[in-house]
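Reading through the structure tokens given below for one structure.
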Number of protein chains: 2
Amino acid sequence: MEERIHTWNELAAQLAVDSIRCSTAAGSGHPTSSMSSAHLLAVLYADHLRTDVSDPKSLANDRFVMSKGHAAPLLYSVLKSIGAIDDEELLTLRRFGSPIQGHPAPVPELPWIDVATGSLGQGLPIGLGMALGIKLDRSPARVWVLLGDSEMAEGSVWEAIEAAAFHGVDNLVAILDLNRLGQRGPTMHEWQADVFTARAQAFGWHTLAIDGHDVAAIDEAYSAAVLADRPVLVVARTEKGHGASLVQNKEGWHGKPLSPEQAEQAIAELGGERSIVITPSKPESFAPVEAPPPSKDEAPAYDGPVATRKAFGDALSWLAGRRSDVVVLDGEVGNSTYTEEFSKVAPERFFQMYIAEQCMIGAQVGLQALGKTAFSATFGAFLTRAVDFVRMAAVSRANLRLCGTHAGVSIGEDGPSQMALEDLATTRALHGSTVLYPADGNATVRLVETMCDLPGISYLRATREATPSLYGANEEFPIGGSKTLASGSDDRVSLVGAGVTLHECLRAAEALAVKGVVARVIDCYSIKPIDAATLRRALEDTGLLVVVEDHRIEGGAGDAVLEALAATGKLTGRVVKLAVTGMPGSGTPEELRAWAGIDADAIVARVLAELA
Amino acid sequence: MEERIHTWNELAAQLAVDSIRCSTAAGSGHPTSSMSSAHLLAVLYADHLRTDVSDPKSLANDRFVMSKGHAAPLLYSVLKSIGAIDDEELLTLRRFGSPIQGHPAPVPELPWIDVATGSLGQGLPIGLGMALGIKLDRSPARVWVLLGDSEMAEGSVWEAIEAAAFHGVDNLVAILDLNRLGQRGPTMHEWQADVFTARAQAFGWHTLAIDGHDVAAIDEAYSAAVLADRPVLVVARTEKGHGASLVQNKEGWHGKPLSPEQAEQAIAELGGERSIVITPSKPESFAPVEAPPPSKDEAPAYDGPVATRKAFGDALSWLAGRRSDVVVLDGEVGNSTYTEEFSKVAPERFFQMYIAEQCMIGAQVGLQALGKTAFSATFGAFLTRAVDFVRMAAVSRANLRLCGTHAGVSIGEDGPSQMALEDLATTRALHGSTVLYPADGNATVRLVETMCDLPGISYLRATREATPSLYGANEEFPIGGSKTLASGSDDRVSLVGAGVTLHECLRAAEALAVKGVVARVIDCYSIKPIDAATLRRALEDTGLLVVVEDHRIEGGAGDAVLEALAATGKLTGRVVKLAVTGMPGSGTPEELRAWAGIDADAIVARVLAELA
């Protein structure tokens, strides 16, 4: 044991020294927040976390999530200590082009990192998702999450604590680095470990409180943690900047590197540089669950009105039989989003996350990191609860399939709190996102099927009310495509709609025809990427393009159309955006579309005014 | 006492009956979720909540927040019972044009409602803000918040529970309607009241558990609650649909009205219609704190480089002396956003909300509801944590002043997790929002001063690094305006920038001048509303307009410019958007702007290519 203690302490000292070295070389970064956790990770990687460094993506491996992402120097120092990166790479921290970024990101060069962190409060929801995925795979792997004390103020952490207890995950260990100091001074509870143990216990967790620099205590805690029948929180009292008297437990050292002279002194105090390389324990082998043969059921098809949210649920239910990798998360609205259709046929792959959208998306990121094809759904309005999680998922290079139902004023009587009116703006702006908005049931089924294999973040916008059938069951809906539903040689206006407004455009075209105005109608079911060529041709052919959307006028389909037109050359013609500009109240969908000026009558009136 | 018990029960029955009547008349809504809380609100309004119904905005009044906003029928039934609205109005529930919307909203016709609810988990953060505002005013008023049990899964509730205990608010009572049933079935903890009392106690609250249909127990609990020296949670075990056997404690009745026949039977079971009108107790009178005379200090002014985030903090500090209504909330990054400058001069009006952005914005909504001019600030990236709160703040007709610092790839080494790259898209899409992005210190000070009196939600985007001084201290920056910094009669291109990219545009214009290309440069410091006339003229004059922004290409300044051009007539000319399209890593601000193609060199190259 004494030898182990020596090894752990030496490794911890190396991790602290390397954290200082790389941040001093960078001239910025978080050495002190790294040093507080050095013993915690030294013992973890030396003796508890089971992983094959040469096969980091193996599903047999334990996972580690650095929730306190600003302690990135420590994570990179650990990667060096396990032989994943070398010292030269470590010292490129924060340099342009280096994978060793200021906060951890799962860039291709660093397959040992599963997810990006750096926005606090996200690591535990993600770790929960991994733990759920591991249990689904019946793997013996475990998930270890290192939490900072400042992030315990984020509600998303408590969402995950609640959900982990509810789901009975016994393969999740959270380690709380209680280093007392936040960014601008002491944290709310400083070193009161009992505050956190009492809370976690009240939420159903097993807890342990230790001295986070006592390696034997850490080892004992981890050994006990893996035996618990529930999730475990290890509260470790530590010192920020531990081991270097200049910075140890001192205010004013958050996010600051030591100067070269200060670093030299601190490194000497820590016993100098070392070059220990450890080999973590290999994971237990396990046989993945054999997937049942894919069902040969036909895709759902519609020849009458159906709500696209219902078609979404039907599609998921159909996909459940065809693909065993598909999992679905619900924010306790599965009877509204129709994810309950999936839960009926694949309950073991359906995760009820209750009304906690941040945790739902975090868990989804964790599930996809283990190879699951994960869908989540809630009202589009309430997905805005988790924007930061989706933003970070893009940094995580995550493949997320999101569905936001109850889009626009067309939900009717429930009023504005339930209306998704900003969702297209939010999802369009995400890096690498795909934004889809089908107008009928058959289009929805095809797009949901396509989403299964889309990289990045894809968002399907769904309508509450039933919409008429427009397309046959075998129609194809390529990403970036569009459908021209009415077109002639003498089109004088192009009407561009998507989802519910496409039907208004079609009605408007009929009414305009009666008045002798032939209108082209384009279904922009793919808002991002958008069919720029078709839109440009439409403007060139007709000189007037009217984009109609049940969304705020900023950032949605109208802006997407303008962007496409601008990106493809000189602008010539008139583009009119009809969208929601006021604050809606209650009413029927028809009343509210009329009020917003996005119904067929409003389209007709505007077209005639423009052509007058 | 027996008479009081009779009165309370009669009033509760009336509230249940009226909730049934109005939702049945509407054909939709949430009668059962209203009925579970009827006794809780009957006792509250009859004997505990102190308010002057004829002067609902008086700061002396207690405040009530219906966090479970779907129980709106109950709230309207209460408003009828206190004589605020009449039965005819009640029966307009959910009709188009009626203020009696599907979820509560503070429309002008209903001054008894302070904030909108309907997105769960927001009422307690808002109530906390009200409680803080009341204490700041040294008013004896109290805040009562009615919580639903499903929303206890939202982390934002726990953020508020944490913050309320930390701030020691003893004027906040939360009532948890534990009715066991969520939207699609039982809640996670059903009737386990001890789960919630244990947790709230672990967070530092006083708790009480009662039968939520026992009016004497409710009365006793409220009487005890107001005597506690800390925030209080009253956990009330109730039945959804209580009092009508058809729906009482039955699954499948969430959000469903009774049919006229079912309603008739239920109303009979509840003892029929009543027309009780009660008068709540009048509030204690109190003398508002007298404001000190406004300081005559000069506004901060700069004649050299300064970071706009620093100028923001300086402006707040200056305004602290001039306006006693200004309060500031921090998400534990006050040394980065420089709100710490305000905290130094007005610590009693500075609220440290720690790293809990949802609670920060919720509390801000509560503070502004009591007339405070409230600013909050964090990294722009982390404001995305609270998008749903800001969205709902717009429904609340709230006046919020937000500052998001560390915008764009220009933050440099910290990497993408800390970069606000979607914030303009998000804030532009908010109803009635104002979006500002100053390029120098003096512009920042003027815009912050202007924000104090702006209605709705205003967002100031601030840069991490120091930027050169461009404007004199007395320059004016009207909302919706712009500044043309370089212009001649032979301009061949218009460069449009804002914030950090304006400086790149100016450098590009200098470099282009050397090559014989005269460029107009426009500072679009007001992104929404935007100076459409100047932009249109620029495109008409030069035929080429290049918009440069340190933001994703979707939804930001480029889209705002295109929207303005489209809205003002036929499009003719070339508009090029230069923005961030890839996933950044770490690097210096200069390296990252070059990588993104938004620096002076990239602008020059693109302009020359377009003109070639």
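The values are calculated or read from the model by the stated rules, or taken from the named source; none is laboratory data. None of these values were measured; they are calculated from a predicted model. Cβ coordinates were reconstructed from backbone atoms using ideal geometry, including for glycine residues, and neighbour counts include every protein chain displayed.
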Which condition number in (1) closer than 22 Å to B:Val78 by Cα; (2) within 19 Å of the chain's Cα centre (by Cα) is the one that B:Phe96 fails? (2)
Counted residues in region B:205-222 being free of Cβ contacts under 8 Å to residues at least 60 places away in the same chain and out of contact with any Pro (no Cβ under 8 Å at 6 or more places or on another chain) come to 8
Given the criteria within 15 Å of A:Leu460 (Cβ to Cβ), touching an Asp or Glu at 6+ places or on another chain (Cβ under 9 Å) and in a strand (DSSP E or B), does A:Ala377 qualify? yes
Could you tell me which residue of region A:304-331 is farthest from B:Gly255 (Cα to Cα), considering only residues that are in contact with a Gly (Cβ under 9 Å, 6 or more places away or on another chain) and surrounded by fewer than 24 Cβ atoms within 10 Å (Cβ to Cβ)? A:Asp325
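Can you find a residue that is surrounded by 21 or more Cβ atoms within 10 Å (Cβ to Cβ) and hydroxyl-bearing (Ser, Thr, Tyr) anywhere in region A:288-296? Don't jump to the end; show me each part of the working.
Filtering region A:288-296 for residues surrounded by 21 or more Cβ atoms within 10 Å (Cβ to Cβ) gives none.
Within region A:288-296, none of the residues are surrounded by 21 or more Cβ atoms within 10 Å (Cβ to Cβ) and hydroxyl-bearing (Ser, Thr, Tyr).
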Please verify whether A:Ala163 is crowded, with 23+ Cβ neighbours inside 10 Å, touching a helix residue (DSSP H, G or I) at 6+ places or on another chain (Cβ under 9 Å) and either of a type outside the set (Asp, Glu) or within 9 Å of chain B (Cβ to nearest Cβ) (or both), treating the condition exactly as stated. yes
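Which one of A:Gly102, A:Gly83 is farther than 17 Å from A:Ala398 by Cβ, touching a Lys or Arg at 6+ places or on another chain (Cβ under 6 Å) and assigned to a loop (DSSP other than H, G, I, E, B)? Lay out the reasoning, then the answer.
Details: A:Gly83 fails: touching a Lys or Arg at 6+ places or on another chain (Cβ under 6 Å).
It is A:Gly102.
Confirm whether B:Ala60 is over 20 Å from B:Ala266 (Cα atoms) and either surrounded by fewer than 24 Cβ atoms within 10 Å (Cβ to Cβ) or away from chain A (no Cβ under 14 Å) (or both). Can you show your working first?
On the way: over 20 Å from B:Ala266 (Cα atoms): yes; either surrounded by fewer than 24 Cβ atoms within 10 Å (Cβ to Cβ) or away from chain A (no Cβ under 14 Å) (or both): yes.
When the stated conditions are applied, B:Ala60 passes them.
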Go through region B:414-457 residue by residue and tally those that are in a helix (DSSP H, G or I), under 24 Å from A:Thr427 (Cβ atoms) and among the hydroxyl-bearing types (Ser, Thr, Tyr). 3
Between a first residue in region B:550-562 that is on the phi > 0 side of the Ramachandran plot and a second residue that is in a loop (DSSP other than H, G, I, E, B) and crowded, with 24+ Cβ neighbours inside 10 Å, which pairs have beta carbons less than 7 Å apart while being 6 or more apart in sequence or on different chains? B:Gly555/A:Ala429; B:Gly555/A:Gly555
Filtering region B:332-354 down to residues that are facing chain A (nearest Cβ under 9 Å), in contact with a strand residue (DSSP E or B) (Cβ under 6 Å, 6 or more places away or on another chain) and in a loop (DSSP other than H, G, I, E, B), which residue is surrounded by the most Cβ atoms within 10 Å (Cβ to Cβ)? B:Met353
Taking region A:105-135 as the search range and keeping residues that are of a type in the set (D, E, K, R) and in a loop (DSSP other than H, G, I, E, B), which one is farthest from the other protein chains (Cβ to nearest Cβ)? A:Asp114
Run down B:Val234, B:Val247 and say which single residue is surrounded by 20 or more Cβ atoms within 10 Å (Cβ to Cβ), in contact (Cβ under 8 Å) with a residue 24 or more places away in the chain, more than 20 Å from B:Ser23 (Cβ to Cβ) and touching a helix residue (DSSP H, G or I) at 6+ places or on another chain (Cβ under 6 Å). B:Val234
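Which residue is surrounded by the fewest Cβ atoms within 10 Å (Cβ to Cβ), if the candidates are limited to region A:425-441 and must be more than 8 Å from every other protein chain (Cβ to nearest Cβ) and not small (Gly, Ala, Ser)? Quick ask: steps written out before the conclusion?
Of all residues in region A:425-441, those more than 8 Å from every other protein chain (Cβ to nearest Cβ) come to A:427, A:433-441.
So of that shortlist, the ones also not small (Gly, Ala, Ser) come out as A:427, A:434-438, A:440.
Values: A:Thr427: 31, A:Thr434: 24, A:Val435: 30, A:Leu436: 27, A:Tyr437: 34, A:Pro438: 29, A:Asp440: 26.
Step by step, filter region A:425-441, then rank; the result is A:Thr434.
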What are the residues in region A:52-80 that are in contact (Cβ under 8 Å) with a residue 12 or more places away in the chain, in a loop (DSSP other than H, G, I, E, B) and over 25 Å from the mean Cα position of the chain (by Cα), if any? A:Asp52, A:Val53
Contact list, first residue from region A:183-202 and touching a residue at least 40 places away in the same chain (Cβ under 8 Å), second anywhere and among the hydroxyl-bearing types (Ser, Thr, Tyr) and assigned to a helix (DSSP H, G or I), beta-carbon distance below 9 Å, six or more apart or interchain, is A:Gln183/A:Ser150; A:Gln183/B:Ser336; A:Arg184/B:Ser336
Unmet requirement for B:Ala363, which otherwise passes all of (1) touching a helix residue (DSSP H, G or I) at 6+ places or on another chain (Cβ under 7 Å); (2) part of a loop (DSSP other than H, G, I, E, B): (2)
Set A:Thr373, A:Thr444: member being surrounded by fewer than 24 Cβ atoms within 10 Å (Cβ to Cβ), of a type outside the set (A, V, I, L, M) and away from every other protein chain (no Cβ under 13 Å): A:Thr373
Of all helices (runs of 4 or more DSSP H) completely enclosed by region B:1-49, which ones contain at least 3 residues that are more than 30 Å from the chain's Cα centre (by Cα) and in contact (Cβ under 8 Å) with a residue 24 or more places away in the chain? B:2-26
Matching residues in region B:566-612 (more than 30 Å from A:Ala26 (Cα to Cα) and either at the interface with another protein chain (Cβ under 8 Å from one of its Cβ atoms) or small (Gly, Ala, Ser) (or both)) number 14
Looking at A:Glu357, is it free of Cβ contacts under 8 Å to residues at least 12 places away in the same chain and among the acidic types (Asp, Glu)? no
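Of the residues A:Leu41, A:Leu74, which is touching a Ser or Thr at 6+ places or on another chain (Cβ under 7 Å) and modelled with pLDDT of 95 or more? Even if it seems obvious, please write down each step before you answer.
Details: A:Leu41 fails: touching a Ser or Thr at 6+ places or on another chain (Cβ under 7 Å).
Result of the check over A:Leu41, A:Leu74: A:Leu74.
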Which is more than 12 Å from every other protein chain (Cβ to nearest Cβ) and either surrounded by fewer than 24 Cβ atoms within 10 Å (Cβ to Cβ) or within 28 Å of A:Ala164 (Cα to Cα) (or both), of B:Arg138, B:Arg95? B:Arg138
The one condition A:Glu154 fails out of (1) more than 11 Å from chain B (Cβ to nearest Cβ); (2) surrounded by 24 or more Cβ atoms within 10 Å (Cβ to Cβ) is (1)
Answer yes if at least one residue in region A:101-116 is free of Cβ contacts under 8 Å to residues at least 12 places away in the same chain and in contact with an Asp or Glu (Cβ under 9 Å, 6 or more places away or on another chain), and no otherwise. yes
Residue list for region A:136-157, filter: in a helix (DSSP H, G or I) and closer than 13 Å to A:Asp177 by Cα: A:Ser150, A:Glu151, A:Met152
Residues that are under 28 Å from the mean Cα position of the chain (by Cα) and among the hydrophobic types (A, V, I, L, M, F, W, C), at least 3 per element: which strands (runs of 3 or more DSSP E) completely within region A:172-255 meet that? A:172-178, A:232-237
